Each structure stands twice: as structure tokens, then as C-alpha cells.
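Engineer: The structure that follows is given in the form of C-alpha cells.
All of the numbers you see were taken from the coordinates with simple rules; none came from a lab. These figures come from a predicted structure and were not determined experimentally. Note that we place each Cβ from the backbone using ideal geometry, even for glycine, and neighbour counts take in every protein chain shown.
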Amino acid sequence: MRKLIAAILVAGAAVPTGAAFAADMPFYPPVIDVPDVDYGYTGSFYLRGSGAVNLAWAKEVTHPSVVPPSFATDGYGYGYSFGTGFGYETGTGLRFDVTVDYLSNEGVQATIPASAAPVLSPGVHKLLLRSTVALANAYYDFGIGGDGYGAGGGMFGYVGAGAGVAFNNFTTTSPAGAPSDIWSTNTSFAAAAMAGVGYDFGAVVADLGYRGLYINQLSNPGTTVPYNIDNVLVHEVRGTVRYRFN
């Protein structure tokens, strides 16, 4: 009993001493180190290469020296294109690049009536087009099925638009089928709209999509039989591979 009473007295004496000691201690709130959240967004430069098959169309061909001067086109042209480019992606879905493509197309045609003789040979005239198209482009990439942006982001879709110039080289075939010996050249405004889907593997990104390419005019003033073709529209199914190098 005496031992129990002694223990209680010792504990009671220690309480004020401990409280006084605690009061003298400075208070430091705990520091919690929260790491920055990494969303996987990163900007990077890239090189790209593209290849496409195409179909071209224009409403009509105009010959100022013939009455009536305009003849409706009645056939599409088919061909291909390939090109390269350099760009930058911001990591937030937006990316920008400049591209240069070589485009070949043959077969856009107009049937010239007998009334155009002797200036034009009656029959089917077909266009042969070779163009170098330089564009500045902007795109927006968006994840598909919960996939995000950045390296290894998985499936994505994209939309884009571009503007620039087309350096055109073109001629026509006669109704007999022989190409003209005279190739004409001109420089024209060009624009494009793009949409498609792709897959982000990390350092390499591949996509497949549609590009609608607009060439304002093909014209050859000053030749023996001048003509112009306005508002040429080229539909492309286009595959592209991009390589990130930083």
C-alpha cells in the first residue's frame, strides 16, 4: 500500500514539470513534401514524312479565245503525292509544322465540242498536273478512348488546316492521246483541311487521314491557246509518320 501511494505522489509531481517543459518547447508544424504532378505533357520538335493517293476535280476549264469560253469538266484525275516536313508540338494538343509535297495527278478532263474548232480540237482533253505544294499548318490532337497526350499517349484523333503556295507545272493531252509539247508553269495560292486518326508510340507517331487540298488556279497566259482552270480540289487519303527527336 505504501508503495502504491508513493508511486502516485511521484507521478503527480512529474505532471507540472512535464507541462512546464512542453510549454518551453517551440512549435514547428509538420512539413509535408508533395511532389509535382506529372501529366505527361511535353513539347517536342519532330520530322515527318507523308505519302498519299489522290483524286482531283475542277468545275470547268476556260479558254478566252473560244466562244463560248468555258467547258465543264466531265472526268476526275487520279494520282499520288509524297512529302516531308518539320514541326513542333506543344504537348497540350496543339502542334504546328511546315510541309513540302510533290503532287502528281492525271486525268481531269473536258470534252470540247465541234463548235470550238479550229481553235481547239474537238474531243476529250486531259490535264497532266505536277505541283510542289508548300504549306504552313496547325493541328489539334485529342485523345480517343481515355488516352492522353505526350509520349506513348495511345490512340488520338486530329483536325487541322494549312495555307501556302503551289508551284504548278501542267499540260494537256489532245483527243488523239498525245501529250502537248508545251508545259506551262504558274504559282498559285493553296490551302488545306485535314482530319484523321493515329497512334502515339512514343518517339514515333503514325496517322492516317484525309486532306482536302485547294489550288486556286492553273493558268498559262501568253501562250498560243491560253486557258485557265480555277478552284482545283484534290482529295487525298494520306499516311504520315512523325519522329520526335528531343
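Engineer: At R0 = 25 Å, how high is the FRET efficiency between Tyr88 and Thr132 if r is their beta carbon distance? Nearest 0.05 is fine.
Structural biologist: 0.60
Engineer: Now a separate question. Please give me the summed charge of the neighbours of Gly85: other residues whose Cβ is under 14 Å from its Cβ, Lys and Arg +1, Asp and Glu -1.
Structural biologist: Net of charged neighbours comes to +2.
Engineer: Still on this structure, I have one more. Compute the distribution of all C-alpha to C-alpha distances in region 123-246, in bins of 5 Å from 0, and list the percent of pairs in each, rounded to whole numbers.
Structural biologist: Histogramming region 123-246 at 5 Å steps yields 2, 10, 16, 16, 13, 11, 9, 8, 6, 5, 3, 1, 0 percent.
Engineer: Just add up the charged neighbours of Phe45: K/R +1, D/E -1, any other residue whose Cβ is under 12 Å from the Cβ of Phe45. Intermediate results must be reported in sequence, preceding the final value.
Structural biologist: On the way: positive: Arg48, Arg95, Arg242, Arg244; negative: Glu89, Asp97.
That sum, taken over residues with Cβ under 12 Å, equals +2.
Engineer: Further question on the same structure: What FRET efficiency would be calculated for the residue pair Ile182, Tyr210, taking the C-beta separation as r and a Förster radius of 30 Å, to the nearest 0.05?
Structural biologist: 0.30
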